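> Once you've had a glance at the structure underneath, I'll fire off some questions.
The values are calculated or read from the model by the stated rules, or taken from the named source; none is laboratory data. All values reported here derive from a predicted model rather than from experimental measurement. Methodologically, a virtual Cβ is constructed for each residue, glycine included, from the backbone with ideal geometry; neighbour enumeration extends over all protein chains shown. Remember, those area values only see protein heavy atoms, side chains included, never the ligands or the DNA or RNA. Shrake-Rupley method; radii C 1.70, N 1.55, O 1.52, S 1.80 Å.
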Amino acid sequence: MDSIKKNDIKVIKEHAIDVAKSVLTWVVVTGLAFLYWMAVLLLFSLILLNVWHVKFDSILKYATVLTVITSLAYIARKIYKLKK
């Protein structure tokens, strides 16, 4: 009976570690996505300087929206892979 409890605790710890790794990976991917979108939008604003009149605040908003979309797509893909 005691060995069953030890195995259960071990399984719970392994599951907790897997969840922590997944959350950390999601945070890193989301942060990198935000940096990517900021760089792309800043580059576009420089290239299209005479056409696209945008302020830095707007670029931040656009990057945030694109990051949320990217993050949701990442989560959907992870869920799809888990179900497969």
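> Share of the stretch 1-53's accessible area from carbon and sulfur, percent, 1.4 Å?
Looking at the stretch 1-53 in its full context, I get 74 percent from C and S.
> Express the accessible area of the chain per residue in Å², computed with a 1.4 Å probe while the remaining protein chains stay in the model. If you can, show how the numbers build up before the last one.
Values: 7220 Å² over 84 residues.
Result: 86 Å² of accessible area for each residue.
> Please go through the residue pairs Lys21/Lys83; Lys61/Lys84; Lys10/Lys83 and name each one whose alpha carbons sit more than 26 Å apart in this structure.
In this structure, Lys61/Lys84 lie more than 26 Å apart at Cα.
> Using only Cα atoms and rounding to the nearest 10 degrees, what angle (0 to 90) does helix 2-47 make with the longest principal axis of the chain?
10
> Among Ser22, Ala63, Leu42, flag the residue with its Cα farthest along the positive direction of the charge dipole of the chain, charges on Cβ as +1 for Lys/Arg and -1 for Asp/Glu.
Ser22
> Could I ask something else about it? Using helices alone, what [θ] at 222 nm do you get for the chain, with -39,500 (n - 2.57) per DSSP H run of 4 or more residues, divided over all residues and rounded to the nearest 500?
-32500 deg cm²/dmol
> Moving on. Taking Cα Rg over 2.2 N^0.38 Å as the quantity of interest, determine which of (1) 1.72; (2) 1.41; (3) 1.56 was computed from the displayed structure.
Recomputing Cα Rg over 2.2 N^0.38 Å here gives the entry labelled (1).
> While we're looking at this one, here's another question. Keeping every protein chain in place, order Lys84, Lys13 by accessible area at 1.4 Å, biggest value first, i.e. largest first.
Lys84, Lys13
> Assigning unit charges at the beta carbon (Lys, Arg +1; Asp, Glu -1) and nothing else, what dipole magnitude in debye, to the nearest 20, does the chain show about its Cα centre?
Charge dipole, the chain, about its Cα centre: 320 debye, nearest 20.
> Whenever you get a sec, line up Trp26, Trp37 from highest to lowest accessible area (probe 1.4 Å, protein heavy atoms).
Trp26, Trp37
> Helix 56-83 versus the longest principal axis of the chain: what angle, 0 to 90°, nearest 10, using Cα atoms?
30
> Another one. Using Cα springs under 10 Å in a Gaussian network model of the chain, which residue among Leu35, Leu48, Leu24 shows the largest mean-square fluctuation?
The residue that fluctuates most here is Leu48.
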